[in-house]
Structures are given as structure tokens and as C-alpha cells.
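A.B. asks: Dropping a structure here in C-alpha cells format, bear with me for questions.
The values are calculated or read from the model by the stated rules, or taken from the named source; none is laboratory data. Owing to the predicted nature of the structure, the values given are computational and were not obtained by experimental measurement. Heads up, the Cβs are rebuilt from the backbone with ideal geometry, glycines too, and the neighbour counts pull from every protein chain shown.
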């Protein structure tokens, strides 16, 4: 197996298989921030899946904490600090171009979503199934779906 194949396996498993991620990083800790052939890193994979335990594990090994990951983890203080330091972070994207407002949705972090929206995040950002509203449906968060609709999310957004 080539190094890139191992990284691809690591990132693929970072979408939910913590045991395999721990095995790979136990043998190859230098890969914690490596990007898969499609450009995604392990922490980006874990964050997009809303996997807090995987994300915390990767952070403990030195993965970076960006605004998308902080939003998913419910770290509103960090999100607010990042927005204060750089208001353009309200338009940040994570893995696969997922908009920053997607990330507080899996765990119904409404206060963080409100901060992002107040800072200029677009409630309709994202393509296809990558919008915050699609995240609310995918992660079974009806209260977040209602909040997003109340704040201008397009109910007829296409998959």
C-alpha cells in the first residue's frame, strides 16, 4: 500500500470508524493532518459527519481547529473569537465546500448558528445536499430546520 493509499484509507475511515483511525494513527501519527487524494483531511471528515468523539481524538493528536470544526463541537467562544479576528470567516467552507453554517446544525447549536448568521453567513450557502437546511434534514434536527426556514432558507432547495 502506498502512503497516499494509506492516507485515503485514514480519511475514509475518519467519516465514522474511530477504531481503524486509531490503528492507522497509532502506527503513523505523522498522518494526522495529511490530505486524501480528494483534498480532505481526517478532521474535516470527522467534522462534516458531526462526530465529536472522533474530532476530539484528532485534535488531541494535533489536528487544527478551524471555525467549521469549532462550530460543530459547540465551541461558541472560539467561533466568536475567530469571527472577531476575521469577519470573513462567516463565509468559510469545510470539506467538500460545506458552508460554515452547516456545521452547528448536526448538534443543534443554535446560538452558534445565530452568531454566524449575524456575522454574515449565508443561510442558503452550499450546493445540492450541502446546504444548512439539508444538514438539518440529514441529521434529524427539525428545530434547526424550522430556525433556518424562519431565517430565509429556501424550502424548495434542490438535492
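A.B. asks: Would you mind stating whether residue 12 is surrounded by 14 or more Cβ atoms within 10 Å (Cβ to Cβ), more than 18 Å from residue 99 (Cα to Cα), touching a helix residue (DSSP H, G or I) at 6+ places or on another chain (Cβ under 8 Å) and outside the structural domain of residue 97 (by TED's automatic domain parsing)?
C.D. replies: So residue 12 passes the test.
A.B. asks: Which of the following residues is surrounded by fewer than 22 Cβ atoms within 10 Å (Cβ to Cβ), part of a loop (DSSP other than H, G, I, E, B) and within 17 Å of the chain's Cα centre (by Cα): 64, 104?
C.D. replies: That would be 64, the only listed residue that is surrounded by fewer than 22 Cβ atoms within 10 Å (Cβ to Cβ), part of a loop (DSSP other than H, G, I, E, B) and within 17 Å of the chain's Cα centre (by Cα).
A.B. asks: Another question, then. Can you name every residue in the stretch 138-159 that is under 14 Å from residue 72 (Cβ atoms) and modelled with pLDDT of 95 or more?
C.D. replies: 139, 141, 144
A.B. asks: Evaluate the stretch 137-156: report whether one residue or more is crowded, with 23+ Cβ neighbours inside 10 Å, under 28 Å from residue 8 (Cβ atoms) and without any contact (Cβ under 8 Å) to a residue 40 or more places away in the chain.
C.D. replies: Within the stretch 137-156, none of the residues are crowded, with 23+ Cβ neighbours inside 10 Å, under 28 Å from residue 8 (Cβ atoms) and without any contact (Cβ under 8 Å) to a residue 40 or more places away in the chain.
A.B. asks: Looking at the stretch 36-60 only, could you name the residues that are surrounded by fewer than 16 Cβ atoms within 10 Å (Cβ to Cβ), in contact with a helix residue (DSSP H, G or I) (Cβ under 7 Å, 6 or more places away or on another chain) and over 20 Å from residue 141 (Cα atoms)?
C.D. replies: Matches in the stretch 36-60: 37 only.
A.B. asks: Name every residue in the stretch 5-51 that is over 18 Å from the mean Cα position of the chain (by Cα) and either part of a loop (DSSP other than H, G, I, E, B) or modelled with pLDDT under 95 (or both), in order of residue number.
C.D. replies: Of everything in the stretch 5-51, those that are over 18 Å from the mean Cα position of the chain (by Cα) and either part of a loop (DSSP other than H, G, I, E, B) or modelled with pLDDT under 95 (or both) turn out to be 28, 37.
A.B. asks: Identify, please: which residue in the stretch 119-137 is touching a strand residue (DSSP E or B) at 6+ places or on another chain (Cβ under 9 Å) and part of a helix (DSSP H, G or I) and is, among those, modelled with the lowest pLDDT?
C.D. replies: Per the stated criteria, the residue is 130.
A.B. asks: Only one of 97, 120 is over 22 Å from residue 41 (Cβ atoms) and not assigned by TED's automatic domain parsing to the domain that holds residue 11. Can you tell me which?
C.D. replies: So the residue among 97, 120 that is over 22 Å from residue 41 (Cβ atoms) and not assigned by TED's automatic domain parsing to the domain that holds residue 11 is 120.
A.B. asks: State yes or no: is residue 98 surrounded by 22 or more Cβ atoms within 10 Å (Cβ to Cβ) and in contact with a helix residue (DSSP H, G or I) (Cβ under 7 Å, 6 or more places away or on another chain)?
C.D. replies: It is true that residue 98 is surrounded by 22 or more Cβ atoms within 10 Å (Cβ to Cβ) and in contact with a helix residue (DSSP H, G or I) (Cβ under 7 Å, 6 or more places away or on another chain).
A.B. asks: Can you find a residue that is buried (at least 23 other Cβ atoms within 10 Å of the Cβ), in contact (Cβ under 8 Å) with a residue 12 or more places away in the chain and not in a helix (DSSP H, G or I) anywhere in the stretch 82-95?
C.D. replies: Yes, some residue in the stretch 82-95 is buried (at least 23 other Cβ atoms within 10 Å of the Cβ), in contact (Cβ under 8 Å) with a residue 12 or more places away in the chain and not in a helix (DSSP H, G or I).
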